[in-house]
């Protein structure tokens, strides 16, 4: 069944921002005596919020200060603004959706400022998404709660059951499933058991998505 709307996660789905994000987290943790590898950090935090990162890090003994989240975001924005590429195949996929007259939106656990910092480097893509960027931080109910994707569907005027979500994390996929939506799990590195366990349908390249959508 061809969907009435497609809802995208942002980091790791639309933009390749996660390498910079996790590299900075690793540096910040190390400065506070907590040494973790990038795979360990991804397993703990992918799809979550920076507020959640601070909470878990402190439970592990990092002792991050109360104002760490805002400080982290300032440093992250500066790093991301040096260059954040789109994920391969995204421009082509959005063009196909436009031609098929299927609306789309973005639901991210990141702050709106972060989406602006990354997507703003790609004006043509940002213009397509104007008025259709939604932040779980702004909403006050980040993933894995279903509220963000339900909010995005309502903004597009589409029945949630007619939406398809594209996610790269188990946290985000769980939000889409809880919202009653079909979820496609983007796994560019290959098998992703945690993502598959949510019930998401895994794929490895954006070029596969049109066929999965029946286009």
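Working out 0.36 nm times the residue gap between residue 194 and residue 24, then minus their Cα-Cα distance, what length gain in nm do you get to one decimal? Don't skip to the answer; put the middle values down first.
On the way: separation 170, 0.36 × 170 = 61.20 nm, distance 2.38 nm.
Additional length available on full extension: 58.8 nm.
Cβ neighbours within 10 Å, averaged per peptide: list 197-207, 111-121 in order, most packed at the top.
The densest-packed peptide leads the list: 111-121, 197-207.
Using the number of other C-beta atoms within 10 angstrom as an exposure proxy, rank 59, 42 with the fewest first.
Neighbour counts put them in this order, fewest first: 59, 42.
Under the rule a/c < 1.5 gives rounded, and otherwise a/b versus b/c splits prolate from oblate, where does the chain land using the Cα gyration tensor? Intermediate results must be reported in sequence, preceding the final value.
On the way: a/c = 1.76, a/b = 1.61, b/c = 1.10.
Verdict is prolate for the chain.
What is the distance in Å between the Cα centres of the range 99-157 and the range 1-71?
19 Å
Among 186, 77, rank each residue by its count of other Cβ atoms within 10 Å, from fewest to most, as a rough exposure measure. Mind showing how you got there, number by number?
Values: 186 26, 77 15.
Fewest-to-most ranking of 186, 77: 77, 186.
Residues of the range 6-22 with the amide nitrogen closer than 17 Å to a label point 7 Å from the Cα of residue 60, along Cα-to-Cβ, please.
Correct set: 19-22.
Just need the relative contact order of the chain here, percent rounded to a whole number, with Cα pairs under 8 Å and 6+ apart. Walk me through the numbers on the way to the answer.
Details: 345 pairs, mean separation 55.2, N = 215.
So the answer I get is 26 percent.
Kindly identify the range 93-191 as rounded, prolate or oblate by the Cα gyration tensor criterion: order the square roots of the eigenvalues as a ≥ b ≥ c, call it rounded if a/c is under 1.5, otherwise compare a/b with b/c, prolate if a/b is larger, else oblate.
On the way: a/c = 1.23, a/b = 1.15, b/c = 1.07.
Rounded.
Tell me whether the range 18-80 comes out rounded, prolate or oblate; compute the Cα gyration tensor, take square roots of the eigenvalues as a ≥ b ≥ c, and use a/c under 1.5 as the rounded threshold.
Working: a/c = 1.38, a/b = 1.07, b/c = 1.29.
Because its axes are fairly even, with a/c under 1.5, the range 18-80 counts as rounded.
Per 0.36 nm of contour for each residue apart, how much would the distance between residue 205 and residue 96 grow if the chain were fully extended, relative to their Cα-Cα spacing? Don't skip to the answer; put the middle values down first.
Working: separation 109, 0.36 × 109 = 39.24 nm, distance 1.48 nm.
Extra length from residue 205 to residue 96 when fully extended: 37.8 nm.
Readers should treat all values here as calculations from the given coordinates under stated rules, not as data from a laboratory. Quantities reported herein were computed from a predicted structural model and do not represent experimental measurements. Cβ coordinates were reconstructed from backbone atoms using ideal geometry, including for glycine residues, and neighbour counts include every protein chain displayed.
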